[in-house]
Amino acid sequence: MGFSFWLARLRSCSNKSAFSKAFRDSFYHYKSQLNTCQKNLPSTIAEKTKSHAFSWSSCLLPLAFAVSAGSLTFQSHNNHPSLCEPSNLDSRKVTIGGKASTEFVVKGTHKEVPQELIDELKAICQDNMTLDYDERFYHGKPQNSFHKAVNIPDVVVFPRSEEEVSQIVKSCNKHKVPIVPYGGATSIEGHTLSPNGGVCIDMTLMKRVKALHIRDMDVVVEPGIGWMELNEYLEPYGLFFPLDPGPGATIGGMCATRCSGSLAVRYDLTRLMIGSEGTLGVVTEVTLRLQKIPEHSVVAMCNFPTIKDAADVAIDTMLSGIQVSRVELLDEVQVRAVNIANGKNLPEVPTLMFEFIGTEAYSHEQTQIVQRIVSEHNGSDFVFTEDPEAKKELWKIRKEALWACFAMEPNFEAMISDVCVPLSNLAELISSTVIAHAGDGNFHTVILFDPNEEEHRREAERLNQFMVYTALSMEGTCTGEHGVGTGKMKYLEKELGIEALQTMKRIKTALDPNNIMNPGKLIPPHVCF
């Protein structure tokens, strides 16, 4: 949740006028700044102006934007007497994404897209746009999420360059038509829904590696490239990008949701645009830090009689000072799903998976230390491998966990939670089917339910809400990596407080005065100022 990081920096800003000037200056911060201190930030397409001398170091991080509507059309806020969602979203009632919401079908207001805009988009994108219903429907329904919307995009465009994205956003901003960025379609919480119709900007044609700086250990890419494709490109150079979310995720989407992944023990992405979920701009270029491919690695697996034993081993391993690359926890139900889906015969008990990296000697030393820790917590069947194909096969089990769950109940849908708590509270919180990034206290529950049974749906929501509230009571968060979208908005006031949400709304309004950037996501509809 990238927005939460804004707030920590906002609290340090005591000079209101400096803060306002920072926003004005931020609209013209250009992507050349990325080459030094902004390695993990998307670049900007802003209108070039004279340079500004204001320093953000004591306030917010520099806003190295992608296309931001606020940078294209900055207007007086006098035209907005009440900075709230439309009046039909009444906060006194149960609203989509609002407090106490239990609805999965996201409602929205829809207006006809003017023909003038269609003509402008055609001039920009040529044949790389479509009005086809099937294509629009596909883009309006996330592929791995139960969330739905009453509307779908009116148009889908496939830009090929930064300039095209910039022109698309300018045209949509002029006509006040919503835009929804679209990448690998792997998001869970309804991020790519189009509840208000509008224009879906599919970034998948922008997937070039623009520059690889081997000695600097960074790479400049377009947002449509997948992290798996990128790592295939980097492998011959002995480098890799160390975040690994679900298969199919693209770099742009990973930036938008501030992704985690099983390697999140050691890496993170936190900046203003990172985690803003398309509500502030469209990512068009990203500079990523890379890592050397480890000289040697060992993958280990072991079993436990209880979830608590497994979680305690994960905690003790982290406290031991071992630089473990990955720690993943699967409960007995998830292991059963893996067996059904893959024809395996794994012991159906809580299971931990580790990866140790470094020199051959150091990897072996780490393995032996963890094996000792496992034996002290009732662990058994500790096995490890150094064979490359065997290691891939073991991690494949984890990467395909969601599809394995569907093998248990093919006609069910999955409500996926990703609460995150301090590592010491992990064992206490886990209570159902679990796939956990045990190294950072982030775990996923996969709640299977029959979408045609109202009782099933409400029980799934009750379990999800119970886990969120329990995580918040343990100083955790409602989302460790999947993001907020439409599904988690209702929990943000409890987690962050109304003042923090109002600050987020002010930032959103300053950068996107016409509210065209992925509207209806992230900020709950009842938040006003």
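Looking only at residues in segment 202-216 that are at pLDDT below 95 and β-branched (Val, Ile, Thr), which one is farthest from residue 256 (Cα to Cα)?
214
Please list, ordered by first then second residue, the pairs with beta carbon atoms under 7 Å, 6 or more apart or interchain, first in segment 134-145 and part of a loop (DSSP other than H, G, I, E, B), second buried (at least 21 other Cβ atoms within 10 Å of the Cβ) and acidic (Asp, Glu).
Hits for this filter: 145/189.
Can you name every residue in segment 316-331 that is open to solvent by 50 Å² or more (accessible area, probe 1.4 Å) and within 27 Å of the chain's Cα centre (by Cα)?
Listed by number, the residues that qualify are 318, 323.
Can you find a residue in segment 295-315 that is under 23 Å from the mean Cα position of the chain (by Cα), open to solvent by less than 10 Å² (accessible area, probe 1.4 Å) and at pLDDT 85 or above? Don't jump to the end; show me each part of the working.
Kept after step one, since they are under 23 Å from the mean Cα position of the chain (by Cα), are these residues of segment 295-315: none.
No, the conditions are met nowhere in segment 295-315.
Criterion first (in contact (Cβ under 8 Å) with a residue 40 or more places away in the chain, within 27 Å of the chain's Cα centre (by Cα) and closer than 29 Å to residue 293 by Cβ) does residue 398 satisfy it?
Details: in contact (Cβ under 8 Å) with a residue 40 or more places away in the chain: yes; within 27 Å of the chain's Cα centre (by Cα): yes; closer than 29 Å to residue 293 by Cβ: yes.
Against the criterion (in contact (Cβ under 8 Å) with a residue 40 or more places away in the chain, within 27 Å of the chain's Cα centre (by Cα) and closer than 29 Å to residue 293 by Cβ), residue 398 qualifies.
Starting from residues that are open to solvent by 60 Å² or more (accessible area, probe 1.4 Å) and outside any helix (DSSP H, G or I), keep the ones in segment 379-402 and report whichever is modelled with the lowest pLDDT.
Going residue by residue through segment 379-402, those that are open to solvent by 60 Å² or more (accessible area, probe 1.4 Å) are 381, 383-384, 386-389, 392-393, 396, 400.
Filter once more, keeping what is outside any helix (DSSP H, G or I): 381, 383-384, 386-387, 400.
Working: 381: 94, 383: 93, 384: 94, 386: 93, 387: 93, 400: 82.
The extreme case among them is 400.
Is it true that some residue in segment 338-351 is touching a residue at least 24 places away in the same chain (Cβ under 8 Å), surrounded by fewer than 18 Cβ atoms within 10 Å (Cβ to Cβ), over 23 Å from residue 445 (Cα atoms) and more than 28 Å from the chain's Cα centre (by Cα)?
No, because not a single residue in segment 338-351 is touching a residue at least 24 places away in the same chain (Cβ under 8 Å), surrounded by fewer than 18 Cβ atoms within 10 Å (Cβ to Cβ), over 23 Å from residue 445 (Cα atoms) and more than 28 Å from the chain's Cα centre (by Cα).
With respect to residue 261, is the statement that it is more than 15 Å from residue 292 (Cβ to Cβ) and modelled with pLDDT of 80 or more true?
Details: more than 15 Å from residue 292 (Cβ to Cβ): yes; modelled with pLDDT of 80 or more: no.
Judged against the criteria, residue 261 is not a match.
Looking only at segment 363-378, how many residues end up being in a helix (DSSP H, G or I) and of a type in the set (Asp, Glu)?
Residues of segment 363-378 that are in a helix (DSSP H, G or I), as a first pass: 363-375.
This time we only want the ones that are of a type in the set (Asp, Glu), so: 365.
Summing the residues that are in a helix (DSSP H, G or I) and of a type in the set (Asp, Glu) in segment 363-378 gives 1.
Collect the residues in segment 120-129 that are in contact (Cβ under 8 Å) with a residue 12 or more places away in the chain and over 27 Å from the mean Cα position of the chain (by Cα), keeping them in residue-number order. Explain how you work it out, then say what you get.
Residues of segment 120-129 in contact (Cβ under 8 Å) with a residue 12 or more places away in the chain: 120-121, 124-125, 128-129.
Those that are in contact (Cβ under 8 Å) with a residue 12 or more places away in the chain and over 27 Å from the mean Cα position of the chain (by Cα): 120, 121, 124, 125.
I'd like the full set of residues that are within 22 Å of residue 472 (Cβ to Cβ) and among the charged types (D, E, K, R), limited to segment 410-426.
418
Got a sec? Which of 459, 455, 495, 428 is under 26 Å from residue 245 (Cα atoms), open to solvent by 30 Å² or more (accessible area, probe 1.4 Å), assigned to a helix (DSSP H, G or I) and modelled with pLDDT of 90 or more? Steps first, please.
Details: 459 fails: under 26 Å from residue 245 (Cα atoms); 455 fails: under 26 Å from residue 245 (Cα atoms); 428 fails: modelled with pLDDT of 90 or more.
Just one listed residue meets the conditions, 495.
Give the residue that is most open to solvent (accessible area, probe 1.4 Å), with candidates limited to residues of segment 198-238 that are in contact with a Gly (Cβ under 7 Å, 6 or more places away or on another chain) and among the aliphatic types (A, V, I, L, M). Steps first, please.
Start the filter on segment 198-238 by keeping residues that are in contact with a Gly (Cβ under 7 Å, 6 or more places away or on another chain), which leaves 203-207, 223-224, 226.
With the extra rule that they be among the aliphatic types (A, V, I, L, M), the set shrinks to 203, 205-206.
Details: 203: 11, 205: 63, 206: 0 Å².
Among residues in segment 198-238 that are in contact with a Gly (Cβ under 7 Å, 6 or more places away or on another chain) and among the aliphatic types (A, V, I, L, M), the one most open to solvent (accessible area, probe 1.4 Å) is 205.
Of all residues being within 17 Å of the chain's Cα centre (by Cα) and free of Cβ contacts under 8 Å to residues at least 40 places away in the same chain in segment 183-236, which is nearest to residue 283 (Cα to Cα)? Just the residue, please.
Looking at the filtered set, the residue picked out is 225.
Run residue 522 past the list (1) at positive phi; (2) free of Cβ contacts under 8 Å to residues at least 60 places away in the same chain and report the number of the one that doesn't hold.
(2)
The values are calculated or read from the model by the stated rules, or taken from the named source; none is laboratory data. Worth saying up front: this structure is predicted, and the values here are computed from it rather than measured. Please note: Cβ atoms are built from the backbone with ideal geometry, for glycine as well, and neighbour counts cover all protein chains shown. Each accessible area value is taken on the protein alone, full model and side chains, heavy atoms only, with ligands, DNA and RNA left out. Shrake-Rupley method; radii C 1.70, N 1.55, O 1.52, S 1.80 Å.
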